[in-house]
Amino acid sequence: MPANNRIVLSSDHAAIAFRQTLAAHIAALGWEVVDIGPTTPESTHYPIHGRAAAQRVASGDCRFGIILCGTGQGIMMAANKVSGIRCGVCHDTFSARMIRQHNDANMLSLGVRVIGEGLALDVVDAFLNAEFEGGRHGTRVDMIEPQDA
Ligand code: RB5
């Protein structure tokens with residue numbers, strides 16, 4: 001467990017119940033969950049929530065972020081617009097492990113209309129249990145940051 005053991009969770013309206021299941025699972029693993037909502041089921045806009053979660057990670061307040069929407073795609077795109085964020089959509093455990101080991105991902109995005117809860121929890125475990133390998137992967141990760149064209 002890293003010194004900063006805080007994980008921020010957020011979603012759009014499509015994933016509120018799913019997010020609560022995830023929060024309980026992550027807390028049971030010993031992480032401190034920072035759930036920034038939303039908590040009511042009204043239709044909302046995933047970029048707001050992806051950006052808000054990403055800012056918690058980029059600022060250093062939280063070590064990781066896990067975000068959810070219908071597909072996982074829109075909220076991932078919004079999160080990746082925040083400097084310092086490396087977020088991937090993963091619906092299998094191999095990808096979830098690899099985005100930590102090779103891409104040093106600091107956020108994971110899930111699509112609740114794509115993946116069931118059981119597999120989603122395994123994907124989260126794979127993400128949280130993997131470590132960045134550094135070395136040549138660090139050189140490549142450094143090249144991801146926004147650069148002038
Ligand atoms: C909301 O209907 C849906 O568009 C959203 O949850 C997400 O799938 C967008 O990427």
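Only the coordinates and a few stated rules stand behind these numbers; no lab work does. This one's a predicted model, so the numbers in the text were calculated from it and none came from an experiment. Every residue, glycine as well, gets a Cβ built from its backbone with ideal geometry; the counts of neighbours run over all protein chains shown.
Computed over the Cα atoms, what is the radius of gyration of the stretch 8-79 divided by 2.2 N^0.38 Å, N being its residue count? Mind showing how you got there, number by number?
Working: Rg = 11.2 Å, N = 72, 2.2 N^0.38 = 11.2 Å.
After normalising by residue count via 2.2 N^0.38 Å, the value is 1.00.
Between the stretch 27-42 and the stretch 93-146, what is the separation of their alpha carbon centroids in Å?
Going from one Cα centre to the other spans 19 Å.
Give, as ranges by residue number, the residues of the stretch 58-90 whose backbone N falls under 18 Å from the point 7 Å along Cα→Cβ of D142.
Backbone N within reach: 84-86.
Given 0.36 nm per residue, what is the gain on full extension from D125 to T39 after removing their alpha carbon distance, in nm?
Numbers: separation 86, 0.36 × 86 = 30.96 nm, distance 2.40 nm.
Stretched fully, the D125-T39 segment lengthens by 28.6 nm.
What Kirkwood hydrodynamic radius, in Å, does the stretch 1-128 give when the mean of 1/r is taken over all pairs of distinct Cα atoms and then inverted? Spell out each step's value before the answer.
Values: mean 1/r = 0.0722 Å⁻¹.
One over the average 1/r among Cα pairs gives 13.9 Å for the stretch 1-128.
Checking the a/c ratio against 1.5 first, then a/b against b/c, what shape does the Cα gyration tensor give for the stretch 66-149?
Numbers: a/c = 3.00, a/b = 1.35, b/c = 2.23.
Cα axes put the stretch 66-149 in the oblate bin.
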